[in-house]
Every structure is written in structure tokens, then in C-alpha cells.
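Quick notes on the structure that follows.
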Amino acid sequence: MEKRVSFPRDEGFNVFYPGSVVLVTAVDAAGKADICTVGAWALVNGVPRMFGIAMCARESGNYFWKRYTTTCIEQTGEFVINIPHAGLRKAWDVCGSVTLTTQPDADKFALARLTPAPAAVVKAPLIAECPVNIECRVHSKLELPTHDWIVGEPAACHTAVELIEGTARLRWDNAPVLE
């Protein structure tokens, strides 16, 4: 397989992005909820389990600005990682393109046709349509040039009964397919 080298500012450098996405929910100190589509997330520790999410935290050009969800997480120290299924693609497009930073009156739940549901431990809502919701409390944060890598320790995990019973499964088709 022939390959070409590209560097960060070259066209084609980002052909592998985005991978799988999650919808992160959080509330501000006043209880206002927000949803942000996040394309960089991972299990980052085994025992205790911890998950990392990359949240845009600083302005840099046309594409990077502090997301309101980041402000919410800073204010409360809590968030929920909602793992969507492919049928929610339009919803994650809406949540990734509408921002409360510039549209403070927007209701992303209504715009994305998603249902907020109460969490067991944290104040942030779950997204009812997502088959997995992981309630997290912030453990630590790494500040990077445009994003903060926020590490959360799970406080509760909600999993669709079908997944637990084995009548349904999550199939991760996010690996690139070379055609």
C-alpha cells in the first residue's frame, strides 16, 4: 500500500476524523441543560474506570470556541456521556451545530428531538433515546491549546435492558473502511 506523508496543516491530514461520537450532557449552576456532540472520547483507566472527553474550551479560529457544555462542566463538576445509535445521526448533527454560546435560548433537546431523563446521581440529564448513559464526576482535567481533556469517574451507568439480556448489541462500525 503506497502512502504519503502529511503534516498537521496539510489538506488530507484529517481524513480519519471524526470517529465515533457521543452526546455529552451537563447543566450549569442554575440548572440549565446543554448537549454537545463530542468526537474524541475514550475509556482511559481500568480500575477505577475513568472516561475522557475532549471539550472545546478556548477560541481559536472559526471552528474552535468554548462550548457552553464546557462551562456547565466547570460549574458543576458533572456530566453524562450518552452513547447514541446510528439512528440518532441527525440529532448529533443538530447538537454539534447549535451552540448556547451564541444562541443562549436554544433548546437542543427540542431541536434534536431528544428526551431528557433524570440521572440517578448527577444533576445533568440523560438522553432517553441513547442505549447507554454514563454519569460522571470530574476527576481531572488537562488543558490543551483549544480543548480540555476532561477525565470523569463514573457514578452510575444506565444500559438498555436489550443490551444486558443479549437481545441487542452495540456494533461499532466506526472503524474506517478502505474501499
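Quick note: the coordinates plus some simple rules give every number you see, no bench work behind them. On a predicted model such as this, the values are computed, not experimentally measured, just so you know. Ideal geometry is used to build each Cβ from the backbone, glycine not excepted, and the neighbour counts take in all protein chains shown.
If neighbour count is taken as other Cβ atoms inside 10 Å, put Ile164, Ile127 in order from fewest to most.
Working: Ile164 9, Ile127 25.
Going from sparsest to densest Cβ surroundings: Ile164, Ile127.
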Could you check the spin-label model distance between Arg89 and Ala106? Points 7 Å from the Cα along Cα→Cβ, value in nm. 2.1
Net length gained if the chain between Ser140 and Glu59 were fully extended (0.36 nm per residue, minus Cα distance): 27.0 nm
Quick one: length gained pulling Gln75 to Leu170 fully straight, 0.36 nm per residue minus the C-alpha distance? 31.0 nm
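Trypsin sites (Lys or Arg not before Pro) within the range 96-179: which are DSSP loop residues with at most 14 other Cβ atoms inside 10 Å? Can you show the working numbers first?
Values: sites: Lys108, Arg113, Lys123, Arg137, Lys141, Arg169, Arg171; in loops: Arg113, Lys123, Arg169, Arg171.
Here the sparse-neighbourhood loop sites are Arg113, Arg169, Arg171.
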Give me the one-decimal nm value for the distance between modelled label points at Ala42 and Leu163, 7 Å along each residue's Cα-to-Cβ direction. 2.0
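Got a sec? How would Val22, Val121 order by Cβ neighbour count within 10 Å, fewest to most?
Values: Val22 24, Val121 13.
With the fewest neighbours first, Val22, Val121 line up as Val121, Val22.
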How long is the range 22-165 along each principal axis, judged by its Cα atoms, biggest number first, in Å? 46, 34, 29
Remind me, relative contact order of the range 22-165 in percent, using alpha carbon pairs under 8 angstrom and six or more residues apart? 28
